[in-house]
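Trainee: Before anything else, here's the structure in question.
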Amino acid sequence: TGKVEVLLTRQVDEGAWQALVRPGRKMRLRERVLFGGGELEAEITARGDFGLRTLRFVSHDAHTVNEHLERLGHVPLPPYIERADETADRERYQTVFAKRPGAIAAPTAGLHFSEEILKRIRERGVELCELTLDVGLGTFQPVHGETLESHVMHSETYEIPRETAERIDRARAAGRTVLAIGTTVVRALEAAALRAAEAGCSNTVLSGKSEAQLFITPGFHFRAVHALLTNFHLPRSTLLALVCAFAGRENVLAAYRHAVEAGYRFYSYGDCMLIA
């Protein structure tokens, strides 16, 4: 009998999604939610940790569930962008690499690139390799608890094409740098590298589709990535822990002090740093 907000986080199967909901007290099991004028309906079928619910959607007209979601849904801008989403955000809050649906937010380091910048990079002889990232809650959930060791990461789906895996092998064999654009790429590549090591495979990373539940903290042994381009992140975040693991805690804190003093912009539409 009131308004609710549903943030779709992961598609479970045809018509069913995991979602964060607000307010949670109105989203009990078997509760039904109507969207638009009632042409789209969802039933709460399960509850999870940290406010997660599973919703099963059904269309009440000739349009598919996905068509309704595309038409009725809004771009989930981060809360620190203190304005309502606009039509332009459907393009602005996408990277030039975006091709498939699935991520709940843009892998933000990719927002620094345009087609013109990519053209200039290629002209300098740099190879560009792509992989699919379904950015999920693992990227955004803050560290719960007082210690890093007690935090449990949400898994995120990724897919590494065979060609990308082969190019990474050739680059490392030739002593060339593998630069990851964003922390989510690092997690995917290092999870695939860990799988390769555990399988006794000679490849740096295993290609194919898999889940990354890897929580990278200081002391982690990096197997695939040499350098990282990343935005400035929130405190108490798993992303900041990853960056500290990559560059060293004191180096990172010094960079953050400089960023604050110089007035850098943080987060999704903010500035970035290159760690090499």
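Trainee: What stretch of the chain, leaving out the sites themselves, is the longest with no trypsin sites (Lys or Arg not before Pro) in a DSSP loop having at most 16 other Cβ atoms within 10 Å?
Mentor: Values: sites that count: LYS3, ARG28, ARG30, ARG83, LYS99, ARG124, ARG176, ARG223, ARG236, ARG265.
The answer is 31-82.
Trainee: So how much slack lies between ALA197 and LEU253, counting 0.36 nm per residue of separation and subtracting their Cα-Cα distance, in nm?
Mentor: On the way: separation 56, 0.36 × 56 = 20.16 nm, distance 3.16 nm.
Full extension of this stretch gives 17.0 nm more.
Trainee: Follow-up. So for the chain, taking the charge dipole from beta-carbon charges (+1 Lys/Arg, -1 Asp/Glu), which of HIS221, ALA192, LEU118 sits furthest toward the positive end?
Mentor: HIS221
Trainee: In a shell of Cβ-Cβ distance under 14 Å around GLY37, excluding GLY37 itself, what net charge do Lys and Arg (+1) and Asp and Glu (-1) give? Display every interim value, and only then the final one.
Mentor: Numbers: positive: ARG71; negative: GLU39, GLU41, ASP61.
So the environment of GLY37 carries a net charge of -2.
Trainee: Calculate, for ARG32 and ARG90, the FRET efficiency according to 1/(1 + (r/R0)^6) with r their C-beta to C-beta distance and R0 22 Å; round to the nearest 0.05.
Mentor: Values: r = 28 Å, r/R0 = 1.28.
Working from the Cβ atoms, E equals 0.20.
Trainee: Which one, MET153, LEU7, ALA19, projects farthest toward the positive side of the charge dipole computed for the chain from Cβ point charges (K/R +1, D/E -1)?
Mentor: Checking the options against the dipole of the chain, the answer is MET153.
Trainee: Can you return the lysines within cross-link range of LYS3? Criterion is Cα-Cα under 24 Å, with same-chain partners fewer than 8 residues away left out.
Mentor: Within reach: LYS26.
Trainee: Can you give the FRET efficiency to the nearest 0.05 for ILE117 and ARG162, using r as the Cβ-Cβ distance and R₀ = 41 Å? Write out the running numbers ahead of the final one.
Mentor: Details: r = 27 Å, r/R0 = 0.65.
For R0 = 41 Å, the calculated efficiency reads 0.95.
Trainee: Please determine, in degrees from 0 to 90 and to the nearest 10, the orientation of helix 183-198 with respect to the longest principal axis defined by the Cα atoms of the chain, where the helix direction is its Cα long axis.
Mentor: Around 70 degrees separate the two axes.
Trainee: With every protein chain kept in place and ligands, DNA and RNA left out, what is the accessible area per residue of the chain? Probe 1.4 Å, answer in Å².
Mentor: Values: 15920 Å² over 276 residues.
Ligands and nucleic acids excluded, the result is 58 Å² per residue.
Trainee: Follow-up. Treating cross-link reach as a plain straight distance, find the lysines whose alpha-carbon is under 23 Å from the alpha-carbon of LYS99, omitting any fewer than eight places away in the same chain.
Mentor: LYS119, LYS209
Trainee: Calculate how many DSSP beta bridges within segment 91-275 are antiparallel, expressed in % of all such bridges and rounded to the nearest 5.
Mentor: Details: 12 of 15 bridges.
Restricted to segment 91-275, the bridges split so that about 80 percent are antiparallel.
Trainee: If you don't mind, another one. Where the accessible area of the chain is counted over protein heavy atoms with a 1.4 Å probe, how much of it, in %, is carbon and sulfur? If you can, show how the numbers build up before the last one.
Mentor: On the way: 8020 of 15920 Å².
Reported share for carbon and sulfur atoms: 50 percent.
Trainee: Here is a further query. What residue among GLY263, VAL252, VAL135 has its Cα farthest toward the positive end of the dipole of the chain, where the charges are +1 on Lys, Arg and -1 on Asp, Glu, each on the Cβ?
Mentor: Among GLY263, VAL252, VAL135, the one farthest towards the positive end of the dipole of the chain is VAL252.
Trainee: Report the calculated FRET efficiency for SER155 and HIS74 (r = Cβ-Cβ distance, R0 = 35 Å), to the nearest 0.05. Walk me through the numbers before you get to the answer.
Mentor: Working: r = 26 Å, r/R0 = 0.73.
Given R0 = 35 Å and the Cβ-Cβ separation, E is 0.85.
Trainee: How much length is gained on full extension from GLN213 to ARG172, taking 0.36 nm per residue of separation minus their Cα-Cα distance? Provide the component values of the computation, followed by the final result.
Mentor: On the way: separation 41, 0.36 × 41 = 14.76 nm, distance 2.46 nm.
Taking 0.36 nm per residue and subtracting the Cα distance, the gain is 12.3 nm.
The values are calculated or read from the model by the stated rules, or taken from the named source; none is laboratory data. Just so you know, these numbers come straight off a predicted model, no measurement behind them. Every residue, glycine as well, gets a Cβ built from its backbone with ideal geometry; the counts of neighbours run over all protein chains shown. Keep in mind that these areas ignore ligands, DNA and RNA; they rest on the heavy atoms of the full protein, side chains included. Shrake-Rupley method; radii C 1.70, N 1.55, O 1.52, S 1.80 Å.
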